[in-house]
1. Using a cut-off of 11 Å between beta-carbons, work out the net charge of the residues near residue B:514 (Lys and Arg +1, Asp and Glu -1, residue B:514 not included).
2. Mind putting a number on the dipole of segment A:92-164 about its Cα centre? Charges go on the C-beta only, +1 for Lys and Arg and -1 for Asp and Glu, and I need it in Debye to the nearest 20.
3. Rounded to the nearest 20 Debye, what is the dipole magnitude of the protein assembly as shown about its Cα centre when Lys and Arg each give +1 and Asp and Glu each give -1 at the C-beta?
4. Report, in debye and to the nearest 20, how large the dipole of segment B:565-637 comes out about its Cα centre when Lys and Arg carry +1 and Asp and Glu carry -1 on their Cβ.
5. In nm, give the distance between the simple-model label positions of residue B:159 and residue B:396, each being 7 Å from the Cα along the Cα-to-Cβ direction.
6. Would you jot down the residues in segment A:85-108 that end up with at least 40 Å² less accessible area in the complete protein assembly than in the chain alone, with a 1.4 Å probe?
7. Using a loss threshold of 20 Å², tell me which positions in segment B:320-362 are less accessible in the complex than in their chain alone. Probe radius 1.4 Å, ligands and nucleic acids ignored.
8. Report the full-extension gain for the segment residue B:249 to residue B:507: residue separation times 0.36 nm, less the Cα-Cα distance, to one decimal in nm.
Amino acid sequence: MKDPYEIRILPPAAVNLKRGAGGVLGGKVENTHYEELTVYRTFPFRFDEEYISVRNAKGEELGIIRELAELEQDSREELRRELQYRYFLPRVNRIVSVKFKSDLWLWDLKTHLGPTRLAMRNLQDYVQLHSGGRVILSDISGKRCQITDWRSLDGHSRKWLEDTL
Amino acid sequence: MQTKFKLPEFFQRQVSEPLLLECKADLDPEGCFGEQWIAVSEEKLVVWHRDEAPRLTLPLAEIKDARAVSAVGGGSLHIDTDFGPVVAVRYTAALIPMFDYAAKLIKAAAHSEELPVLSERDLPRSCPQCGNPLDEGMQVCAQCMNKGKLAIRMLRYAKPYKLQMVIAGVLLILTTLVELIPPYLTKIMIDDVLGAARQSTRLLAVIGGLGLTTLVMAAMQAVRGLIGIWVGSKLMGDFRKDIFSALMKLSLAFFDRRQTTQFIGRVNNDAEAMRQFLTDGVIYVIGQLLRFVAVLFILFSLDWKLTLFALIPVPFMVLLSMKIWPKIGRLAYQQWRSILRLNMLVGDSLQGIRVVKAFGRERTEMSRYEQTNTEVVHNNLRMEGMWQFIFPVFSLVTGAGTLLIWYHGGHKVLEGTLQLGTLMALLSYLGMLFGPLEWIQQMINWTSTAMAAAYRVFEVLDTVPEVMDVHEPVPIGTIKGDVAFTKVTYGYEKHNPVLKEIDLQVKSGEMIGLVGHSGAGKSTFINLLCRFYDTDEGSISIDGIPIRSISQTDLRKQIGVVLQETFLFEGSIAENIAYAKPEATPEEIMRAAKIANAHDFIVRMPDGYDTQVGERGHKLSGGEKQRVAIARAVIHDPRILILDEATASVDTETERQIQEAIARLVHGRTTFAIAHRLSTLRNADRLVVLDKGRINEVGTHEELVKIPGGIYRKLVEAQQELSKIKGVEV
Ligand SMILES: Nc1ncnc2c1ncn2[C@@H]1O[C@H](COP(=O)(O)OP(=O)(O)OP(=O)(O)O)[C@@H](O)[C@H]1O
Ligand SMILES: [Mg+2]
């Protein structure tokens, strides 16, 4: 009955995620146990906790979790944690400063994962404005941070952002 | 080989054996910014977090495999043990290459294999001077390339026009000096001529003097203007040439990461901004400074007390300028950005105009444009509005100075301690003094735009092409055409290999068919052979010479390609066919077209071989374009021929004809052909099946179809089924 051309939405009850002793996400999906599972956000920018693709270690899709919130408590927390690990995209809580020092833009940021600093060569290649006020900041080394909605930042941060952009 | 990390002393003490690897990860176990240390010895792998006691210790004997699992924006090092997989550390994107290496090392150490070698590229790159991360391909740290150097580099462009610039400069000095004469003459006129009676001869003389200075000034200005325009145009030409040739030299990887339409604007606008700075800016600054000093000198010698009064507002102006400067730079940058976006949008929509029309999305495009357009208007208003605000403020300040002079000077004249003419002269000179101050703003504007432009331009000029010719390339002459891939691994992003450990020996004259699913890495394979990109690991050699030591020009002379995306240049069909060999005779062009089965359709067109094909060859059908592209490769007469889906858009009958022609053509040439329609590859000596970046099966058609469950067999079966339905021969 499995139609290979159909997107398979996993019923919340069929998913039971656990973290193995080694810290790797695994668990039961539709009655099969997997030692290692990878999860992908299908719309990383639009949906944080919806439409999560669950794949085995070989990268084959087992199905899509429509909404993280529908899962039962333990699975939900593990999945949320795993997504946070896999999608390393710290949310910016506060822009401490943005300096233009001899042709390098240095952003000092406070994120929900701790303070960090980004260095950009220019703004047009490294700052992407998305719809809904989302801003993705990337760094020369490939590190990225996101501002979920610049309109909801505090005044201090907004001023920095408005002054630079 | 060592990473540049040094394990802290108190961790170091816990491991007695010599270390194979010590490095730091930049995330803590919870995935927050922090640090963890990892050390590998011949016995074990140890990970520390904050505490002195290790967070994780794994004997190497228990380790089955180590993998660097890439995630988004970072990754994690997974260790497979007998008891299941273990996450050793997590790290951000900056450290991905290093941990890729670490994984390989751990695996090799656990299996007692030869340890891999750490290459410079695996380490996070940072500027030796300031520690900020470096861009790939950048040698100069952006941080350390300061404004002064930028200006000097810009000035270097003016060097060839030294003579003209000097003449313009001298003329400027002369004009400045001559300009100083009229107010003085006015003073004489008022005080000495008009004041005294019966001085008509002297009146005429003074008027004559005034007339002469005006004439000289006008003449000099005209000459200077002409020189300025001449030098300026030449400079623009030089800038554009340099930017464009730098762009042409850059490797494909540079363009993969950037929006290419932005360069159209860059080549023109940035060159213009730099030119303006060099011709108008530099000369003007020198001229104005000179005038400033001269006027000041005259003013003081006329009446130093009054002059001091007039200068009272100057400090305010300096202060104001200093406050405004950074703001202007920022506004200018924003404006530049929004215009760039607008240009990009136009470029995008027009390039895809067919898709836009096909889906009837003209309105969406218009509203997208409208949005960006509004932004540009908004930025423009802010920028220009700023000037509208600054000008009056500056005039107000200078006006205050003039008022002060009128007040004090007027009193003195009434008292009779000052002559009226001197007061008039003072006022005129004061006007000249403050004139340049208003000019400072224009200078600020020019300089900041020019600096930004120069920075962007030099960014391109300084980027070292990732694919570089070696210092002394091996001359190859005409090659035989043996090709060897040895353990080639390559990924467009280093940590995500698209081709893995490809080993393949191809004898000269052999025809290799590359097959595999879409995205398997077939095009990448030939991109590497053409050396559009350099391999990450392993090497490719032609006739036993690694292609890295062959100059790219020599290499490409020997290789003819028909790429998957056919691109025809603006020009006639004949010019397009003869692209690689402009000296080709009409006969040669026709012969090549004939081989590509393009001759007939070309001749049937009213303009024949002189038919103009637009930007993308829009006047031709997909299959016609492909045949022109094949002819282009044919006329190149390469030793190695590469056909990437060269016949995908032609019907089977045409394809058969092209194939026959190619079969004759490939005779004696090494050929790589990629095709999804397997029948295309029926002449291939060997078929190479790629799957997920690895070579899966190699052999002749007959050999491969015999492999039960083989990928090739499946592909053939699928196509046979399809053709059965359609009743077509495969
Ligand atoms: N310029 C690029 N930058 C980044 N990734 C790329 C680039 N070109 C190709 N890739 C990726 O590399 C992989 C292999 O691509 P490649 O073009 O070699 O496939 P292919 O076998 O030629 O497929 P097809 O048969 O569809 O032409 C794909 O996953 C693709 O997304
Ligand atoms: Mg391809």
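The values are calculated or read from the model by the stated rules, or taken from the named source; none is laboratory data. Keep in mind it's a predicted model, so treat the numbers as computed, not measured. Cβ placement follows ideal geometry from the backbone for every residue including glycine, while neighbour counts extend to all protein chains displayed. Heavy atoms of the whole protein, side chains included, go into the accessibility calculation; ligands, DNA and RNA do not. Shrake-Rupley method; radii C 1.70, N 1.55, O 1.52, S 1.80 Å.
1. So the surrounding residues net to 0.
2. On the way: 12 positive and 8 negative charges, 32 e Å.
So the dipole magnitude of segment A:92-164 works out to roughly 160 debye.
3. Values: 107 positive and 106 negative charges, 505 e Å.
About 2420 debye.
4. Working: 9 positive and 12 negative charges, 52 e Å.
In debye, rounded to 20, segment B:565-637 gives about 240.
5. Calculated label separation equals 4.8 nm.
6. Those residues are A:85, A:86, A:88, A:102, A:103, A:104.
7. B:330, B:333, B:334, B:337
8. Details: separation 258, 0.36 × 258 = 92.88 nm, distance 3.13 nm.
Additional length available on full extension: 89.7 nm.
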